[in-house]
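In what follows, a structure is listed as structure tokens, so that the remarks can point back to it.
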Amino acid sequence: MSSPALQNKTFALLLTLVTLAFGAILWQFHGAIFWGSALAILFTPLHRKLLRRMPDRRNLAALSTLVLCLLGVILPVALIGVSLLQEASAVYERVSSGQLNFGLYLQQVIDALPSWLVTLLDRFHLTTVSEVQARLVSAAGQISQFVATRVLSIGQNTLQFFVGFGVMLYLLFFLLRDGAELLARISHAIPLDHSHKRQLADKFTTVIRATIKGNLVVAACQGALGGFIFWVLGIQGPVLWGVLMAFLSLLPAIGASLIWAPVAIYFLATGAIWQGLALAAFGLGVIGLIDNLLRPILVGKDTRMPDYVVLISTLGGMALFGLTGFVIGPTIAALFIACWDLFAPTDEDSADPT
């Protein structure tokens, strides 16, 4: 006869194997599943408001929330993506035809530098236009090859993209409709103390909402403002540069200045003083401060992690999961910190009766 201990071990092994097998099946659609779950968390408050107005029509409430998500988030992102591709193609054509000559721009900046700085840069072989241009061409070639590979991959996997998009919408509908019951079943199955499960669940949902709602809104504002000032100054491809600034603003301590600062330096070095000063002032006074103004309002100071943790987890998440990693990375980091806080509570946590 088998002992209860042996039965428990066998069941645990069986449960682990089945879970790993099921995870392997779902991995092909991990991006669609993640974004469906993340959007469900983000739009659950709206769904609850709609559900209170139509308590006996759960399907209609979930469908209405799904339509609002499509109109408010997915459709604008798709339109921006189309504009981005158009402007990227236009910039690429100008670079290929020689209308945009980065070597000439670099030479103009070098000629405007003081002699001591030119001597210092010469020690690192950064004043010879041909050498610097060769490095830029090599980097641009690697970037172009990467982008071309991604574009080719998207073209070859169009069916897979639409299948994943359909899976995301399908999952989002049912998570909105049945998410509360599913969460209750998962919480009941996890062998942890109820207070610990509540803290981990609150931390998970808070970080998801903070990362998507807060960081994306801040990034969108910084990108829109950056694209606007580039359009005002007559710089080619304002949508392209605005999207790049929005993307870089997701990384703390780096930000959109990697785009607008070199342009401001070029303006100042080539004699376009008012354009350079205007761009620098706008970048520092508006784009640079938008994070400090909006993030505390949208996210809340008590939910923010240290900038270095966010930076490292974001970069690591994107390296491991792709673009989705800018949400997955900080979420895993937040759960890591929350688990260790539960394992080794601080004095304040120990004194808190709740």
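The values are calculated or read from the model by the stated rules, or taken from the named source; none is laboratory data. Just so you know, these numbers come straight off a predicted model, no measurement behind them. FYI the Cβ positions are ideal-geometry reconstructions off the backbone, even for glycines, and counts take in every protein chain you see. Ligands, DNA and RNA are excluded from the accessible area calculation, which covers all protein heavy atoms including side chains. Shrake-Rupley method; radii C 1.70, N 1.55, O 1.52, S 1.80 Å.
Each label was represented as a point 7 Å from its Cα along the Cα-to-Cβ direction; for Ala12 and Leu60 these points are 5.0 nm apart.
How large a share of the accessible area of the range 161-226, in percent, is made up of carbon and sulfur atoms when the probe is 1.4 Å and the other protein chains stay in place?
Working: 2680 of 3810 Å².
Its accessible area is 70 percent carbon and sulfur atoms.
Ordered by solvent-accessible area of protein heavy atoms (1.4 Å probe), largest first, the residues Ile25, Ile273, Ile212 come out as Ile25, Ile273, Ile212.
With each label modelled as a point 7 angstrom along the Cα→C-beta vector, the Ile337-His196 pair spans 2.1 nm. Apolar share of the accessible surface for the range 25-67: 62 percent from carbon plus sulfur atoms, 1.4 Å probe.
Per residue, the range 1-81 exposes 72 Å² of solvent-accessible protein surface, assessed with a 1.4 angstrom probe and all protein chains in place.
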